Amino acid sequence: MNDIIRRGTVESVDYKSGTIKIVQEDRDDSVSFDLPLMSFEYNPPNIGDMVIAVFLSNDNTQGFVIGKPYNKSNLPTNGKKGVIRKDYDIDAFVEYDKNTKTLTLQAQNILVKGNMSHEEGGVS
């Protein structure tokens, strides 16, 4: 049961299948088999990113990648209490500030499909 949770560096990304291979520095730089990413969103890490993987306790060849942890080279953008943020790219994000009750959408282009309505306050 020891070391089922491991840290690794992304070596390759298979965008079509949603899997990655990681280099495990603490295991003589061994390269994992294809590990699936969590499937609640499609946002694969970049080659060279640090990720956390969970391996099955009875099989070191099977596991999945939880995601990228925050660290010195991956700090939260606008990290503060009451802020929920999803970054899509360097200059594209959705952010909600619970303190000011403000939702911010930022991207070079924003496309809204379907009907859109608003109440109170109008558009400025």
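The values are calculated or read from the model by the stated rules, or taken from the named source; none is laboratory data. Nothing here was measured: the structure is a model prediction, and the numbers come from that model. So basically every Cβ, Gly included, is an ideal-geometry build from the backbone, and we count neighbours across all protein chains shown. Accessible surface is based on the protein model in full, side chains and every heavy atom, while ligands, DNA and RNA are left aside. Shrake-Rupley method; radii C 1.70, N 1.55, O 1.52, S 1.80 Å.
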> Residue farthest toward the positive end of the dipole of the chain, with Cβ of Lys/Arg at +1 and Asp/Glu at -1: which of Phe40, Gly18, Ala53?
Replying inline: Phe40
>> For the full complex of protein chains and a 1.4 angstrom probe, list Leu56, Leu37, Leu111 by accessible area with the highest value first.
In response: Leu111, Leu56, Leu37
> Considering only protein heavy atoms, what per residue accessible area in square angstrom results for the chain with a 1.4 angstrom probe?
Replying inline: 79 Å²
> If you keep only loop residues by DSSP, which GluC sites (Glu not before Pro) in region 1-66 have at most 16 other Cβ atoms within 10 Å of their Cβ?
Replying inline: Glu41
> Using unit Cβ charges (K, R positive; D, E negative) and no other charged atoms, how large, in debye to the nearest 20, is the dipole of the chain about its Cα centre?
Replying inline: 420 debye
> Hey, any idea what % of the chain's accessible area is carbon plus sulfur with a 1.4 Å probe?
Replying inline: 51 percent
>> Using DSSP to call loops (not H, G, I, E or B), can you name the trypsin sites (Lys or Arg not before Pro) in region 27-124 whose Cβ has at most 16 other Cβ atoms within 10 angstrom?
In response: Lys72, Lys80, Lys81, Lys98, Lys101, Lys113
>> How large is the accessible surface of Thr9 in square angstrom, using a 1.4 angstrom probe and rounding to the nearest 10?
In response: 40 Å²
> In this model, which of Lys21/Lys80; Lys86/Lys113; Lys16/Lys98 are farther than 28 Å apart at the alpha-carbon?
Replying inline: Lys21/Lys80; Lys16/Lys98
>> For a quick check, take a GNM of the chain with Cα springs below 10 Å and name the residue from Ile90, Ile66, Ile52 with the largest mean-square fluctuation.
In response: Ile90
> Can you list the chymotrypsin sites (Phe, Trp or Tyr not before Pro) in region 1-67 that are in a DSSP coil and have 12 or fewer other beta carbons within 10 angstrom?
Replying inline: Tyr15, Phe33, Phe40, Tyr42
> Is the shape of the chain rounded, prolate or oblate, going by the alpha carbon gyration tensor and its root eigenvalues a ≥ b ≥ c, with a/c under 1.5 for rounded and a/b larger than b/c for prolate?
Replying inline: prolate
